[in-house]
Amino acid sequence: MYGYRATARMAKNIASVGVDPTGADRALRTGAEIDQLAERINRLELTVDAMWVLLERAGYSSEDLESVVRELDGADGSVDGRRSPKGTPCRSCGAMVDAGRTSCVFCGADVS
Ligand SMILES: [Zn+2]
């Protein structure tokens, strides 16, 4: 099984010799999109880690965090480890913003 980076590399090599340009171009675009998503996840993880450090410094515990995770998880009517994508996409960064919020939690843009 090839990773997406290896697939993108192969697609670039294939494109460079002129074989199947359509498929190779599509693979390159998909690889670039995956790279962008990976970068976004990396930024989100960093932000979550930083927020957790701040919360621990303020005296919050893992149990406090878990309690709020369950609360937010269940806000869509089902505690299933995921949030329903209810809301609207942020006009600035594209992240889904929960209905009722007036600003994007990711970039701070006004979404009211
Ligand atoms: Zn945003």
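The values are calculated or read from the model by the stated rules, or taken from the named source; none is laboratory data. All of these numbers come straight from a predicted model, not from anything done at the bench. Please note: Cβ atoms are built from the backbone with ideal geometry, for glycine as well, and neighbour counts cover all protein chains shown.
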Among the residues of the range 25-51, write down those that are within 18 Å of Gly94 (Cβ to Cβ) and in contact with a Lys or Arg (Cβ under 9 Å, 6 or more places away or on another chain). Ile34, Asp35
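So which residues in the range 69-112 are acidic (Asp, Glu), under 23 Å from Trp52 (Cα atoms) and within 16 Å of the ligand (Cβ to nearest atom)?
Asp98 - this is the single residue of the range 69-112 that is acidic (Asp, Glu), under 23 Å from Trp52 (Cα atoms) and within 16 Å of the ligand (Cβ to nearest atom).
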Can you name every one of the helices (runs of 4 or more DSSP H) wholly within the chain that holds 1 or more residues which are modelled with pLDDT of 90 or more? 21-57, 62-74
